[in-house]
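Trainee: Here it is, the structure, as C-alpha cells.
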Amino acid sequence: MEESRYYRHIINKIKAAKKSADDMAVDIEHPGIEGDLRELALKECIEPFLTHSFNVGTGKLIDTYQCLSDQIDAVIYHTKLVPPIFFSKELGIYPVESVRYVFEVKSKLTATQIKDSLKKFSSTQKLRSFPRRQKDNSVTHGVRPSNVIFAFGSDISGSEIDRFFKYESYDSPSTTALVVLGKGYWFYDWNEKKWFGVDTSQVNDLSEFVFFMTGFMNTLSREESTMRGFNPGSYVNLSQIAGPVDKKA
C-alpha cells in the first residue's frame, strides 16, 4: 500500500527530531542534559500534531486534595478550561483535570528506567480528578491522564514488551502506552482489558511512531468536542474562610 503524504510527513518529523537529539547528545556525558535534549526532541515531534486546545509542558500534576505527582517529563494539557495561572511556565504544576497525556522520555530504555517510569506513573494514579458529590453524600471521581513511556532506543535486542511485563501489571497497568523507536508500539485497551501492539524491530522504519501518533491525534480530536468542565476555584480552597454574612439590625 502506498504511503500517504501525512504518513511521510510524520516519519520525516520523527527522523529529523531523533537525528537532532542524537547529534546534540554526542560526547555529552551528563544524563540530565541528555534527557533534556530528548524531551525537546519529543516536544518538536508532538507540538505540530496538537489540536487547538492543547499544549505541552513539564512539571507536576496536582488534584483538589493537594496531592502532588512526581516530576513528569512531558505533560499534554488543555488550556480552555483552566486560567493560565494554573499552568504558567514558572509554576509548572497542572490540575489533573487539565491533563490528557503524561510522558516519561528515555534516551535508551533500560530495566532501571522502566521501573523509574512506573514509580512516576504510580504517583499520577494516586491523584483524583473531577470530584462530584452525589445525592447520598458520597464523592465520585473521573478518569486520569494516559501515561506513556517514550524511548528513543533500547539497551536490549530482544522483545521489548516481554521485558516490560516483568515490571508492569498486564491486567491493571499504570502505563497506557509503550513506544520504543526502532522496536515497537504497544497500548492497553481499558474496555477489553488487554494489551495490543506491533513489534517493528525487523523493519526499523519508525512506523511505530506513526501508529502511536494516529491514536494520539484521534484522542485529542475527540477531546475537543467532549471536554468535561470542572471548577478550578476549588483549587484555591476559599471554602474554609467564606461564610454567610449576618444581616445588621
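The values are calculated or read from the model by the stated rules, or taken from the named source; none is laboratory data. Every value quoted in this text rests on a predicted model; they were computed, and no experiment measured them. Cβ: placed from backbone, ideal geometry, glycine included. Neighbour counts: every protein chain shown. With ligands, DNA and RNA removed, areas are computed over all heavy atoms of the protein, side chains included. Shrake-Rupley method; radii C 1.70, N 1.55, O 1.52, S 1.80 Å.
Trainee: Looking at (1) closer than 23 Å to residue 126 by Cα; (2) out of contact with any Leu (no Cβ under 7 Å at 6 or more places or on another chain), can you tell me which one residue 47 breaks?
Mentor: Of everything listed in (1) closer than 23 Å to residue 126 by Cα; (2) out of contact with any Leu (no Cβ under 7 Å at 6 or more places or on another chain), residue 47 misses just condition (1).
Trainee: Please return the ranges of strands (runs of 3 or more DSSP E) entirely within segment 100-187 where 2 or more residues are surrounded by 19 or more Cβ atoms within 10 Å (Cβ to Cβ) and modelled with pLDDT of 95 or more.
Mentor: Filter on segment 100-187 gives 146-151, 177-180.
Trainee: The conditions are (1) modelled with pLDDT of 95 or more; (2) open to solvent by 40 Å² or more (accessible area, probe 1.4 Å); (3) closer than 21 Å to residue 53 by Cβ, and residue 196 fails exactly one of them. Which is it?
Mentor: So the condition that residue 196 fails would be (3).
Trainee: Applying the selection to segment 200-249, what residues are β-branched (Val, Ile, Thr), at pLDDT 75 or above, more than 21 Å from residue 102 (Cα to Cα) and open to solvent by 40 Å² or more (accessible area, probe 1.4 Å)?
Mentor: Once the filter is applied, which keeps residues that are β-branched (Val, Ile, Thr), at pLDDT 75 or above, more than 21 Å from residue 102 (Cα to Cα) and open to solvent by 40 Å² or more (accessible area, probe 1.4 Å), segment 200-249 yields only 203.
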